[in-house]
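The values are calculated or read from the model by the stated rules, or taken from the named source; none is laboratory data. Predicted, not measured: the structure shown is a model, and the values here were computed from it. Counting neighbours? That spans all protein chains shown, and the Cβs are built from the backbone with ideal geometry, glycine included. Ligands, DNA and RNA are excluded from the accessible area calculation, which covers all protein heavy atoms including side chains. Shrake-Rupley method; radii C 1.70, N 1.55, O 1.52, S 1.80 Å.
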Amino acid sequence: MKTLQDINFNGKKAIIRVDFNVPLDEQFNVTDTTRIEAAKPTIDKILADGGSVILMSHLGRPKGKEEKYSLKHIVAKTSEILGVEVKFVNDCIGAEAEEAAANLKAGEVLLLENLRFYAEEEAGDEAFAEKLAKLGDVYVNDAFGTAHRAHASTTIIANYFPENKVFGTLLAKEIDSLDKVLKNSQSPVTAVLGGSKVSSKITVIENILDKVDHLIIGGGMTYTFIKAQGGNVGDSICELDKLDLALDILKKAKENNVEVHIPVDVIAADKFGNDANTQVVDVNQIPDGWQGLDAGPKSLENFKEVILKSKTILWNGPLGVFEMENFAKGTISLGEYIGEATEKGAFSLVGGGDSVAAVKQFGLEPRMSYVSTGGGAMLEMLEGKTLPGIAAIQG
Ligand code: AMP
């Protein structure tokens, strides 16, 4: 894998695809700077070498040029975070952008206007990619969040840098973390899959069955598995058209010697709301009118035992409806067990959507080995797909 460390950027202009798709409030203040901070190590390395940096990103989903999606809103914050005064140009291609790029001196940073002001970006247009490519000497992709899209700036542009294209630090770390879980893992390997539906996780489950020793299934998926085995799930979320699929997964798991752990008890509620009445019941005896919204205490004990003996842990999807305080305990406890296992030397990767939100919300992020920055991109990697943005650099 070719990385930043393989290149000396002295005197070079690096054009970097970053993911600065940050949330803004009504006054256009950046309300979460995580993504800008995440790109800093890559930018720092290039500047320290004596190079200059051209940053390109998308922001939101503009239809044509829409002022509210201008990247000019983030210039001040980006300058503050990078500790360098960031220059801005009103376009991402064309004469003005070319002039600004040409005038860039060593140690300077230029931010281009929103790539998605041009429909050609998402269409993966070659002529547009070529115009972007003209601006820099080396192409760096550090935008994991869009690596699963074959857009002009994430994939097509790489064709114009056959010898001079590399992964940024962030993207390299994402790939490396996933490799540590699915390729060069240390046993026992445990995957925890939660979330709402079996249907959205089926490809992930199928891809990891020959790579893990333990599979913990939680969240709303639980009830499809329980119903498939003849249990009563009351009014719990359940995909009736996926019962055969659930049995098939259990069969395949057995063939692969994967131990499957499903909740044995749950916190059942008499409605879907934080103010519902609750009771702890066995998972296969949920009364009608009640629905399971979190894992129960016995289940958590079982999961704890599995997690604490694991050396590699992948976590995707919450164990319950963590957005409601009364059903967040399972997810929080699981995060704590993973934190404890990590402190004892296990490698833990959290990624792919809502579990990342949960980990951040409950302050568990520092206790995990790695928390992925790309929801959809991480899910596709877990599904075993080759992401176009990654293939473009490797090819
Ligand atoms: P996903 O995007 O598939 O990872 O699903 C995440 C969502 O699943 C979260 O918003 C949770 O509230 C929801 N969820 C987790 N457990 C349950 C459950 N037992 N019943 C309904 N929804 C659930």
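Its convex hull of Cα atoms gives the stretch 276-390 a direction-averaged projected area, equal to a quarter of the hull surface, of 8.4 nm².
Accessible surface ranking for S196, S79, S57, 1.4 angstrom probe, highest first: S196, S79, S57. Using the 1.4 Å probe convention, the accessible area of the stretch 4-169 works out to 42 Å² per residue with neighbouring protein chains retained. Restricting the GluC sites (Glu not before Pro) of the stretch 163-245 to loop positions (DSSP other than H, G, I, E, B) with no more than 16 neighbouring Cβ atoms within 10 Å leaves E163. Placing unit charges on the Cβ atoms only, positive for Lys and Arg and negative for Asp and Glu, gives the stretch 49-146 a dipole magnitude near 380 debye about its Cα centre. Each Lys or Arg adds one and each Asp or Glu takes one away; over the other residues whose Cβ falls under 10 Å from the Cβ of T203, this sums to -1. Dividing the helix sum by the residues of the chain, where each DSSP H run of 4 or more adds -39500 (n - 2.57), gives a mean residue ellipticity at 222 nm of -10000 deg cm²/dmol.
Applying 1/(1 + (r/R0)^6) with r as the Cβ-Cβ distance of T278 and K72 and R0 = 41 angstrom yields a FRET efficiency of 0.25.
Relative to the current alpha-carbon distance between A48 and S187, full extension at 0.36 nm per residue lengthens the span by 46.1 nm. The separation of the stretch 276-299 from the stretch 120-176, counted between C-alpha centres, amounts to 48 Å. The calculated FRET efficiency for the pair D248 and K105, based on their C-beta separation and a Förster distance of 51 Å, comes to about 0.25. A straight chain from N256 to T33 at 0.36 nm per residue would run longer than the Cα-Cα distance by 76.0 nm. Would you mind checking the pairs K211/K254; K45/K360; K13/K65; K180/K311 and listing those with alpha carbons more than 19 angstrom apart? From K211/K254; K45/K360; K13/K65; K180/K311, over 19 Å: K45/K360; K13/K65. Full extension of the segment from E126 to T203, taken as 0.36 nm per residue of separation minus the current Cα-Cα distance, would add 24.6 nm. With one equal scatterer per alpha carbon and no solvent term, the Debye-computed log10 I(q)/I(0) for the stretch 91-204 at 0.20, 0.22, 0.24 1/Å reads -1.13, -1.28, -1.43.
Using the alpha carbons alone, the radius of gyration of the stretch 4-169 stands to its Kirkwood radius in an Rg to Rh ratio of 0.92.
Going 7 Å from the Cα of L240 in the Cα-to-Cβ direction, what parts of the stretch 278-305 have a backbone nitrogen less than 18 Å from that spot? Those under the cut-off are 286-292. Size descriptors for the chain (Cα atoms only): Rg and Dmax, in that order, 23.2, 71 Å. For the stretch 4-169, a simple Cβ point-charge model (Lys and Arg +1, Asp and Glu -1, everything else neutral) yields a dipole of about 120 debye relative to the Cα centre.
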